[in-house]
Each structure stands twice: as C-alpha cells, then as structure tokens.
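The values are calculated or read from the model by the stated rules, or taken from the named source; none is laboratory data. Just so it is clear, the model here is predicted, and its values are computed rather than measured. Here the Cβ is made from the backbone with ideal geometry for all residues, glycine too, and neighbour counts use every protein chain on show.
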C-alpha cells in the first residue's frame, strides 16, 4: 500500500512538472530578427548616432549617416541578410 502511494505521488509530481514546462507561453515582444531589422532600418535612415554625445542626432548628422550607409552598403542586401541571421560570419 505504501509503495502504491509513493508511486502515485511520484506520478503526480511528474505530471505537474511536465505541465508546468508545457505551459510556457510565446515570448512577448519582438523576435531577434525583428530587432535586427529595426536596427538595419534605423541605420539606413541615419538616425543611429555616432557617439553618446550625439543624441538625438541633428538633421546634418542624419544626412551624413545616410551617406555613409550608402557608401558602405549601396544597394547591397547584406544588412537584411544580417538581420535574418544569414550573414557570412554566422555561417560555419
């Protein structure tokens, strides 16, 4: 009788632990790819400041940042590949 009670108790604990693990909900907020894409979009728009003393960036700084982005990437899709996790440095 004692063995049956211990076994039943063990099964209940296992069931509750399994349901607690299974009850995980989807993460609230943005995915890593969405955050990366927002960073790419902000960099393309020129609104990422170049230093901590440059926030918020001025209109001149935004224009300069946009120019630097175009010089670095042109029409390349490299930033989008990075945002989706397909950058060459991530591939082994």
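General observations
- Which listed residue, of 41, 54, is within 30 Å of residue 85 (Cβ to Cβ) and modelled with pLDDT under 75: 54
- Verdict on residue 13 being at pLDDT below 85 and farther than 27 Å from residue 86 by Cβ: yes
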